[in-house]
Amino acid sequence: MDFNVRIMKIDQAITERGIVTFEDLLRATGASPATLKREISYMRNELKAPITYSRSRGGYLFAKNRKEALRADFYERQAAWFTPEELFTMVTTLENFAELEKNRQGYLTKDMRQLAARLRTSMFSDQANADELTKRVKINIPKRKPITNDYFAVIGQGLIRRKRVRLVYYSDHKREETRRVVSPMRLTFYRSRWYLDAWCHERGALRSFNVENIRHADIMDMAVKIVPMKQVCAELDSLYGMYRGEEVQWARIRFTGIAAKLVSKEIWHVDQSDKWLSDDLYELMVPYAKGSPEIVGDILRYGPMAKVMEPASLQEDVKKALNATLKNY
């Protein structure tokens with residue numbers, strides 16, 4: 001964490017909580033004890049921050065009986081500016097609100113302009129700052145087509161009202177249409193798609209349904225089956241971010257050149273492991289579901305700069321995809 005950001009974190013923690021223990025500040029800043037002591041000393045001596053330590057209360061606080069207690073007098077927030085994560089989140093949020101304002105059919109259409117105004121004033125000191133920021137900072141994210149489904153609202157109502165829903169569902173894998181009765185558990189957004197995680201009464205188990213493949217839905221006057229959310233998470237969370245499927249394997253992939261640098265900054269899975277084998281060779285270990293076309297596509301994005309080391313079955317899947325592609329040319 002950057003020095004200036006840690007200073008902000010210390011100031012924010014004491015401001016919000018009133019009194020903060022040394023251990024709390026260690027967790028908030030991620031600094032070592034020695035570094036934290038130096039930075040508190042720097043705030044006191046160089047920034048004239050009125051930070052005192054109360055032995056009776058066991059923590060740091062701002063002295064309220066001193067003129068310097070007005071933190072604006074000692075702390076220039078603009079010096080630290082935003083973290084990369086803050087800047088990305090703020091600008092994309094403002095842009096997303098602007099897009100939603102254009103939607104004349106959404107649930108929030110009537111309140112969107114007011115919500116956007118509140119968001120701007122809560123983030124910035126005045127309207128001009130927000131406008132200047134969106135003008136001077138460009139977030140370049142690939143645009144995606146709007147997700148359209150005539151029954152998305154029906155699914156959402158069934159989810160919130162805790163009612164069962166009848167579905168007509170098309171399976172891309174089996175290329176067939178089936179009728180299901182489900183108890184909605186949650187909606188999950190994954191890889192630019194919405195999925196309905198639900199208890200399927202026909203299968204007697206938890207299942208995940210691609211919302212785009214729901215061809216009809218209606219709410220039943222029947223309460224959902226009670227399934228603990230802990231069970232839902234345990235059974236379905238592994239499907240997301242692990243290249244959807246049931247038989248889990250581990251892939252070992254090596255990247256060279258610019259691909260090594262790019263992939264080293266990505267998270268393919270929360271349980272991945274990685275290491276640099278040299279300045280130009282990066283190795284990634286990631287869990288995936290056998291037969292998943294998603295991991296093959298991610299590997300092929302990097303062309304000759306990516307090489308599957310194991311397992312052999314994944315090597316074959318990549319070869320088949322390459323051969324099938326070559327037949328188009």
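How much of the accessible area of the stretch 1-46, in percent, comes from carbon and sulfur atoms when a 1.4 Å probe is used?
Working: 1190 of 2520 Å².
The computed percentage sits at 47.
With a 1.4 Å probe and all protein chains left in place, how much accessible area per residue does the stretch 1-51 have, in Å²?
53 Å²
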(message) Rolling a 1.4 Å sphere over the protein heavy atoms, what is the accessible area per residue of the stretch 177-329, to the nearest Å²?
(response) 57 Å²
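For the peptides 254-263, 318-327, what is the packing order when you average, over each peptide's residues, the other Cβ atoms within 10 Å and list the highest mean first?
So the order, starting with the most tightly packed, is 254-263, 318-327.
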(request) Could you sort 142-149, 308-315 so that the peptide with the highest average Cβ count within 10 Å comes first and the rest follow in order? (result) 308-315, 142-149
(message) Using the Karplus curve 6.51 cos²θ - 1.76 cosθ + 1.60 with θ = phi - 60°, what ³J(HN,Hα) values do you get for each residue of the stretch 192-202, in whole Hz, with x for Gly and Pro?
(response) 6, 10, 8, 10, 9, 8, 8, 7, 8, 6, 6
(request) With θ set to phi - 60°, apply the Karplus curve 6.51 cos²θ - 1.76 cosθ + 1.60 along the stretch 312-318 and write out the HN-Hα couplings as whole Hz, x wherever there is a Gly or Pro. (result) 5, 5, 6, 4, 5, 4, 5
(message) Restricting to Cα atoms and excluding each atom paired with itself, what does the Kirkwood estimate give for the stretch 215-312 in Å?
(response) 15.6 Å
(request) Express the carbon and sulfur contribution to the solvent-accessible surface of the stretch 144-266 as a percent, rounded to the nearest whole number, probe 1.4 angstrom. (result) 49 percent
(message) If I model a spin label at Lys225 and Thr178 as a point 7 Å from the Cα along the Cα→Cβ vector, what separation in nanometres do I get?
(response) 1.3 nm
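The values are calculated or read from the model by the stated rules, or taken from the named source; none is laboratory data. This one's a predicted model, so the numbers in the text were calculated from it and none came from an experiment. Using ideal geometry, Cβ is built from the backbone for each residue, glycine included, and neighbour counts are taken over all protein chains shown. Calculation scope for accessible area: heavy atoms of the full protein, side chains included, ligands and nucleic acids excluded. Shrake-Rupley method; radii C 1.70, N 1.55, O 1.52, S 1.80 Å.
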